[in-house]
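A short write-up of the structure that comes next.
No lab work stands behind these numbers, since they all come straight from the coordinates. Just so you know, these numbers come straight off a predicted model, no measurement behind them. Because the Cβ atoms are built from the backbone with ideal geometry, glycine has one as well, and the counts that use them run over all protein chains shown.
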Amino acid sequence: MKPMKIWRIALMMLAAFSLASCSSDDDKVSEADINRALFEMKKGYIGELKYGLKDENWSKTVEGVVAQSAEGIRLSIPLEPIAEQVKDEATAQKLREWHTADVYARYEFVSVEDEYFSFRLHTEMSPDERFAEPITRTQPVEYGGLTLLFNQNYTGEYQKYNESLSFNICIGGILINREYVEGFKPIVFRYEGHGDTRIYTGEQ
């Protein structure tokens with residue numbers, strides 16, 4: 001291969017790399033746009049929460065579910081679909097008695113347009129002293145009873161014109177007394193709600 005041709009190929013590759021880098025920088029959501037989106041979305045929402053096993057149809061719907069948005073999203077999810085997968089009857093009963101668990105999902109904005117925002121969510125359990133104690137007392141243990149393990153990067157969107165918020169979160173596994181529950185089937189929760197001025201949203 002001639003030296004001139006080698007240099008030409010090298011310059012083309014460098015130019016392509018530069019364009020890719022510029023494109024990546026341009027696609028990144030600015031801090032100003034993130035702050036604008038957080039300010040616009042900061043409110044309480046009321047809507048419905050559907051849930052079911054991943055890759056299957058929604059099995060149940062809970063109406064009147066409140067979600068609150070500030071720096072991230074806070075809402076309560078039912079523990080019933082988790083209890084259905086727990087074989088130990090005493091543990092399953094305890095989950096049903098607790099009824100719900102609070103979760104917090106942090107925003108990672110993908111796109112902030114004039115009327116439409118899209119984002120990924122990074123989800124975790126909110127601190128709760130109920131889950132700090134062992135669920136069963138069949139043997140001495142010193143650690144917490146329930147841990148929800150979330151599959152990350154599930155997505156959502158916000159429509160400004162009608163103040164609608166929708167998103168998905170997924171529980172990919174659970175720990176009972178720090179032991180992984182084998183055979184757990186991931187559960188997906190789908191929330192769809194609209195802004196409601198009667199719901200107070202505090203700082204998060």
Fill in the blank from the handout: Taking the alpha-carbon centre of each part, the distance from region 27-51 to region 72-127 in Å is 17 Å
Completion exercise
Filtering chymotrypsin sites (Phe, Trp or Tyr not before Pro) in region 147-204 by DSSP loop and by at most 14 other Cβ atoms within 10 Å leaves 161, 200
Problem - Charge tally in the Cβ shell below 11 Å around residue 196, where Lys, Arg are +1 and Asp, Glu are -1, residue 196 excluded - result: +1
Handout entry: Dipole in debye (nearest 20) - region 29-195, about Cα centre, beta carbon charges: Lys, Arg +1; Asp, Glu -1
Key = 240 debye
Problem - Given charges at Cβ of Lys, Arg, Asp, Glu: region 29-195 dipole, positive-most of 52, 172, 90 - result: 90
Completion exercise
Pseudo-spin-label distance residue 100 to residue 80, built 7 Å along Cα→Cβ, given in nm, is 1.3 nm
